[in-house]
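**Q** Got a structure for you, questions after.
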Amino acid sequence: MEHKASPLNKKFWTPGVLVMLVFMIAGAIAIIARFTGGIGYVTNLSNARPWGLWVGVDVATGVALAAGGFTTAALAHIFGRHYYEPVTRPALLTAALGYTFVVIGLLIDIGRSWAIWKPMFYWNTNSVLFEVAVCVAIYLNVLYFEFLPIVAEQFKGRVNLPGIMAVFNPLIEMILKIGDAILDKTMWIFIILGVVLSCMHQSSLGSLMLVAPTKLHPLWYTPILPLLFLTSAFAVGYPMVVFETTIITSSLKLDSEMNILAPLTRITIFLLGIYMFLKFGDMFVRGTYIYLLDGTYQTNSFIIEMLLGIMVPWIMLLFEKVRNSRKGVFTAASLIIGGVVINRINVFIVGYKSPLSDNGYFPAPGEIFVTLGLIATLMFIYRIIVTYLPVLQAPKEVSP
Amino acid sequence: MQFSRRNFFKFMGVAGASVAALPSSARAWKSKAPPDSYGCLVDLTRCVGCRKCEEACSEVNKLPAPERADCQCTIFDRKRRPDDKAYTVVNRYFTGKLDQFDNPLPTYAKVQCMHCQDPSCVSACLAGALTKDETGAVKYDVSRCIGCRYCMVACPFEIPAYEYHNPITPKVMKCTFCYDRISEQGGLPGCATICPTEALTFGKRKTILKVAQKRLKENPGKYIDYVYGEKEVGGTSWLYISSVPFEKVNLPALPNKPLPKLSETIQHSLFSYLWSPLALFGVLGAVMYKSNKVQEEPQNKGGA
Ligand code: SF4
Ligand code: SF4
Ligand code: SF4
């Protein structure tokens with residue numbers, strides 16, 4: 001396990017980064033419009049459709065796709081598979097950034113953004129959303145703590161503020177040192193806490209819709225919705241790592257780390273298998289397969305989710321040839337991720353319909369700009385951080 | 001290195017621990033309905049669509065005057081819903097009923113918050129901004145609201161509306177059951193005081209439920225033998241009786257079970273005293289201790 005992460009030595013302003021910048025500007029304009037004209041000014045939300053793209057994608061999907069953080073932490077640190085440690089850092093960074101943006105997305109979506117602290121003082125323990133909010137809030141801090149040693153590693157012993165600020169150098173140095181030492185001893189608490197909190201709110205995100213049985217389509221409304229959300233978060237964690245690692249290593253021309261990714265996909269067969277089993281089992285037990293041929297857009301969306309998002313990638317991964325090819329693994333991982341994205345969109349948007357007052361919904365351009373803008377900003381910051389902090393494995397220092 | 005059999009069981013052990021204990025601590029869910037609350041009966045056979053209740057409601061709640069308050073014809077061409085400017089609206093429905101000259105007969109139906117006995121919105125609100133009062137009113141306290149709109153997602157009657165065009169301080173808007181008025185001795189909701197045909201009857205829920213049942217019994221054939229709201233979603237403060245099927249006037253068929261029951265039962269059986277997170281923490285801690293010991297790698301586990 002003698003791997004070593006290091007900052008990157010690469011050019012920062014690439015065409016890709018410039019494209020991100022364009023999306024960021026469009027998103028910023030839409031956000032300004034939201035905070036001057038109101039949610040109604042930039043979105044197609046209505047009284048019949050209180051939650052749309054922002055909750056379905058920025059929040060619910062964001063949380064699901066950040067699952068790589070706690071699943072890799074569990075594997076490498078808790079279950080002691082240190083072999084996988086090279087991917088824990090990028091996964092941790094994705095999770096920390098992902099949750100930061102989930103909270104930013106929430107701040108944009110809720111009507112009274114400045115009041116977001118209120119649930120910390122006014123508790124309703126009957127509310128599923130209360131539990132989700134508390135877990136996400138604590139987990140975000142846990143993620144920051146877990147990330148701190150990476151910052152300390154880079155700056156410890158070389159804090160060097162310019163000019164007048166230099167008087168603070170010894171102080172900051174000391175804080176970094178002590179903080180790092182304390183964290184080193186207590187890190188195991190944060191790691192386990194992170195996994196526990198993740199299990200709690202990943203599942204509870206599914207419980208959110210249980211209170212609205214008349215609004216969510218029966219193909220998705222099931223009492224085991226929390227279990228499905230949890231198992232799908234488990235299943236999507238490693239594919240997210242595969243996806244990210246492949247994109248980053250190929251766009252930055254680093255080692256592909258296939259030696260780690262290939263065994264990760266073996267675990268995925270098992271985890272995705274559980275999710276698939278529950279999904280199908282649920283469909284047969286509740287008899288909802290009767291909807292499958294009715295041809296509505298909701299049913300079609302369900303079929304796409306099941307077929308392309310679960311079955312095809314699962315079968316693909318059964319083949320050794322796929323698992324050992326960079327392209328094959330990447331394709332399967334992308335399909336699994338797509339499947340979870342569609343699932344969250346289905347539960348929160350496509351499958352949701354207010355029977356009395358529904359007036360149809362498709363996200364307004366403003367909503368789409370905000371969502372794309374947030375995603376672009378996330379990628380942009382990721383790029384900055386891997387450029388300056390030791391997150392990614394240094395090229396040519398391949399572990400055992 | 002492979003995903004060995006041993007790892008498989010480790011995973012299973014942890015997953016099993018968190019699922020297996022699910023029902024053990026489940027305490028029976030109990031209704032939190034107030035014992036002697038108020039209610040209001042709407043008799044659709046008496047409503048003539050004068051829309052006076054809309055006007056009275058706007059007045060007592062300081063809302064803008066209803067859209068074309070005097071109009072009793074073309075306004076009905078469109079099905080309206082309560083929104084951020086009106087807590088109640090009256091709609092007209094042609095349900096296929098004919099008068100003696102074979103002209104279609106209209107049925108008018110007032111909509112407002114039903115003030116459910118075990119309201120989904122109250123269960124959903126994370127900050128407790130919505131509460132069920134002793135009077136039966138479901139009250140909204142804007143000082144706790146964060147504007148997440150989960151109450152709107154939860155409400156089976158699609159009642160709470162939102163001030164979508166207020167960028168900074170929007171509120172959830174819905175019928176208050178005229179809480180300030182009915183909590184005073186002898187007070188009536190604005191809408192119930194004004195109704196000229198006595199289509200609206202306010203009183204203790206138990207009493208008006210009897211009134212409704214008496215009317216059904218004394219006028220055989222006139223009404224459908226059913227009090228809407230007696231049992232729907234565990235019961236509502238507002239009750240409806242009608243001569244036409246309730247679904248035809250947009251009163252949805254709903255289960256008799258209070259809708260918060262399932263999610264509250266799951267939440268409490270999993271998280272009361274935080275027993276399951278603590279148990280999971282313990283199991284994971286043990287696994288971590290063991291797996292790191294086995295490999296005899298005493299270096300730091302975090303970050304790197
Ligand atoms: S009708 Fe809707 S808003 Fe009114 S109490 Fe019931 S759940 Fe709440
Ligand atoms: S919008 Fe306000 S009242 Fe409704 S659930 Fe959210 S915090 Fe509660
Ligand atoms: S009870 Fe009060 S708030 Fe509700 S509809 Fe009647 S007048 Fe309006």
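**Q** Which residues, counting only those in segment B:122-143, are near ligand 2 (Cβ under 7 Å from one of its atoms) and assigned to a helix (DSSP H, G or I)? Even if it seems obvious, please write down each step before you answer.
**A** Filtering segment B:122-143 down to residues near ligand 2 (Cβ under 7 Å from one of its atoms) leaves B:124-127, B:129-130, B:140.
The one that is near ligand 2 (Cβ under 7 Å from one of its atoms) and assigned to a helix (DSSP H, G or I): B:Ala124.
**Q** Here is a follow-up. Return only the number of the condition from (1) closer than 16 Å to A:Asn126 by Cα; (2) within 13 Å of ligand 3 (Cβ to nearest atom) that B:Tyr150 does not satisfy.
**A** (2)
**Q** Here are the criteria: (1) among the aliphatic types (A, V, I, L, M); (2) part of a helix (DSSP H, G or I); (3) surrounded by fewer than 23 Cβ atoms within 10 Å (Cβ to Cβ). Tell me which single one A:Leu254 does not satisfy.
**A** (2)
**Q** Still on this structure, please answer the following. Restricting attention to segment B:245-278, which residues are without any contact (Cβ under 8 Å) to a residue 40 or more places away in the chain, among the aliphatic types (A, V, I, L, M) and closer than 19 Å to A:His201 by Cβ?
**A** Restricting attention to segment B:245-278, the residues satisfying the condition of being without any contact (Cβ under 8 Å) to a residue 40 or more places away in the chain are B:246-247, B:253, B:255-257, B:262, B:266-267, B:271, B:273-274, B:277-278.
Next cut, among the aliphatic types (A, V, I, L, M) only: B:253, B:262, B:266, B:274, B:278.
Those that are without any contact (Cβ under 8 Å) to a residue 40 or more places away in the chain, among the aliphatic types (A, V, I, L, M) and closer than 19 Å to A:His201 by Cβ: B:Leu262, B:Ile266, B:Leu274, B:Leu278.
**Q** Looking at segment A:210-218, is at least one residue buried (at least 24 other Cβ atoms within 10 Å of the Cβ), among the aliphatic types (A, V, I, L, M), over 19 Å from A:Ala333 (Cα atoms) and touching a helix residue (DSSP H, G or I) at 6+ places or on another chain (Cβ under 9 Å)?
**A** First, the residues of segment A:210-218 that are buried (at least 24 other Cβ atoms within 10 Å of the Cβ): A:210-211.
Pick out the ones that are also among the aliphatic types (A, V, I, L, M) and you get A:210-211.
Still in the list and also over 19 Å from A:Ala333 (Cα atoms): A:210-211.
Of the ones still in play, those that are also touching a helix residue (DSSP H, G or I) at 6+ places or on another chain (Cβ under 9 Å) are A:210-211.
Yes: one or more hits.
**Q** Conditions: (1) surrounded by 22 or more Cβ atoms within 10 Å (Cβ to Cβ); (2) away from ligand 2 (no atom under 12 Å from the Cβ); (3) not in a helix (DSSP H, G or I). B:Cys191 meets all but one. Number of the miss?
**A** The number of the failed condition is (3).
**Q** Inside segment A:5-120, counting only helices (runs of 4 or more DSSP H) that do not spill past its ends, which hold 1 or more residues that are closer than 30 Å to B:Pro160 by Cα and of a type outside the set (Ser, Thr, Tyr)? Full working, then the answer.
**A** Working: elements: A:15-37, A:39-42, A:62-65, A:68-73, A:85-109.
By residue number, A:15-37, A:39-42, A:62-65, A:85-109.
**Q** So A:Met120 ticks every box in (1) within 16 Å of ligand 2 (Cβ to nearest atom); (2) surrounded by 14 or more Cβ atoms within 10 Å (Cβ to Cβ) but one. Which box is left unticked?
**A** All conditions are met except number (2).
**Q** Let me ask something else. For residues that are closer than 23 Å to B:Ser183 by Cβ and more than 16 Å from ligand 3 (Cβ to nearest atom), tally how many sit in segment B:153-169.
**A** 0
**Q** Suppose we keep only residues that are surrounded by fewer than 24 Cβ atoms within 10 Å (Cβ to Cβ) and in contact (Cβ under 8 Å) with a residue 40 or more places away in the chain within segment B:123-160. Which one would you say is farthest from ligand 1 (Cβ to nearest atom)?
**A** Top of the filtered list is B:Glu134.
**Q** If I ask for residues that are within 14 Å of chain A (Cβ to nearest Cβ) and within 16 Å of ligand 3 (Cβ to nearest atom), which ones from segment B:89-120 would you list?
**A** Going through segment B:89-120, the residues within 14 Å of chain A (Cβ to nearest Cβ) turn out to be B:89, B:91, B:93, B:109, B:111-114, B:116, B:118-120.
If the condition is that a residue be within 14 Å of chain A (Cβ to nearest Cβ) and within 16 Å of ligand 3 (Cβ to nearest atom), then B:Val89, B:Asn91, B:Ala109, B:Val111, B:Gln112, B:Cys113, B:Met114, B:Cys116, B:Pro119 are the ones that fit.
**Q** Answer yes or no: is there a residue in segment A:196-210 that is assigned to a helix (DSSP H, G or I), within 12 Å of another protein chain (Cβ to nearest Cβ) and touching a strand residue (DSSP E or B) at 6+ places or on another chain (Cβ under 8 Å).
**A** yes
**Q** For B:Gln117, only one of the following conditions fails: (1) away from ligand 2 (no atom under 16 Å from the Cβ); (2) in contact with a Leu (Cβ under 9 Å, 6 or more places away or on another chain). What is its number?
**A** (2)
**Q** Another one. Which members of segment B:48-68 meet the condition of being more than 8 Å from ligand 3 (Cβ to nearest atom) and hydrophobic (A, V, I, L, M, F, W, C)?
**A** Within segment B:48-68, B:Val48, B:Cys50, B:Leu63, B:Ala65 qualify.
**Q** Against the definition (modelled with pLDDT under 95 and in contact with a strand residue (DSSP E or B) (Cβ under 9 Å, 6 or more places away or on another chain)), how does A:Arg49 come out, yes or no?
**A** Working: modelled with pLDDT under 95: no; in contact with a strand residue (DSSP E or B) (Cβ under 9 Å, 6 or more places away or on another chain): yes.
No, not satisfied.
The values are calculated or read from the model by the stated rules, or taken from the named source; none is laboratory data. Every value quoted in this text rests on a predicted model; they were computed, and no experiment measured them. Using ideal geometry, Cβ is built from the backbone for each residue, glycine included, and neighbour counts are taken over all protein chains shown.
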